[in-house]
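The values are calculated or read from the model by the stated rules, or taken from the named source; none is laboratory data. Note that the structure is a prediction, hence the values are computed from the model and not measured. FYI the Cβ positions are ideal-geometry reconstructions off the backbone, even for glycines, and counts take in every protein chain you see.
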Amino acid sequence: MTYCVGLDLRDGLVLLADTRTNAGVDNIATFSKTHLFEKPGERVIVLLAAGNLAVSQSVVNLLQEGVEIGDVAETLFGVRSMFRAAQLVGEAVRRIYHVDGPAMKAQNVQFDVSFLLGGQIKGSGPRLFQIYAAGNFIEATVDTPYLQIGEHKYGKPILDRAASYDTDLYDGVKLALISMDSTLRSNLTVGPPVDLTVYRRDALRIELKRRITEDDEYFRMIRERWSEALREAYLAIPRPDWGR
């Protein structure tokens, strides 16, 4: 399992993904789930993957080599809009399902994959999409400016309560890290290091790309202070007087 979260904010995009892949308690490895398609000055597209690693790697490789549409092999480096980029990822997912799906079903292996796709192409604004295993997708909105894939339930409450479209870009980084920490604490199938990507609106180049380990000073501070703040808030709430 994995956990990926993306925020589509007024000032840009924040995308965060863990790196753990788990095929049993004795087969744990680290793989990056963050894939970058960037032409500085023209486009920045970031793809985060969750689910079956073999399937997600096949989809990413197909997107890099090109999805054949008629006589043309189309890649994320050539699409004209982020909407078309989401369509292309969905088409790649369906192509891989057509090739591998029947064999996986015969082996009782679920075709489980999902993606977050965020970025900006010159001439339009930043957008953030979630692509499902069927190849269909949804888009983040001003009302709901974040999307999650993978083991999302532990990291969702902080986003529900605190994330808004007007959140400052680096306050968004803080929220994403708190959301990730909540997931790391509650689910062993999600694990560090985590990969952070920050994109500022209209920059058309990545502003920050950072791999964060458990020893990272800021991330360690986040973990300690968030735990402390929760304990203090819990203790500050009056006890119920129902039993008195």
Residue among GLY90, GLY101, GLY119, GLY150 that alone is on the phi < 0 side of the Ramachandran plot, surrounded by 17 or more Cβ atoms within 10 Å (Cβ to Cβ) and not aromatic (Phe, Trp, Tyr) = GLY90
Starting from region 27-55, keep only residues that are assigned to a strand (DSSP E or B), then list their pairs with residues that are loosely packed, with under 13 Cβ neighbours inside 10 Å and at pLDDT 95 or above whose Cβ atoms are within a distance under 8 Å, requiring at least 6 positions of separation or different chains.
-> ARG43/LYS122
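Listed here are the residues, each with its yes/no results for (1) of a type in the set (Ser, Thr, Tyr); (2) under 24 Å from the mean Cα position of the chain (by Cα).
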site	(1), (2)
SER81	yes, yes
ARG84	no, yes
VAL93	no, yes
PRO102	no, no
GLN107	no, no
Can you find even one residue in region 220-240 that is in a helix (DSSP H, G or I), farther than 19 Å from VAL46 by Cβ and among the aromatic types (Phe, Trp, Tyr)?
-> yes
Go through region 177-203 and count every residue that is over 14 Å from the mean Cα position of the chain (by Cα), part of a helix (DSSP H, G or I) and either at pLDDT below 90 or not hydroxyl-bearing (Ser, Thr, Tyr) (or both).
-> 5
Which residues, counting only those in region 29-45, are surrounded by fewer than 18 Cβ atoms within 10 Å (Cβ to Cβ) and among the acidic types (Asp, Glu)?
-> GLU42
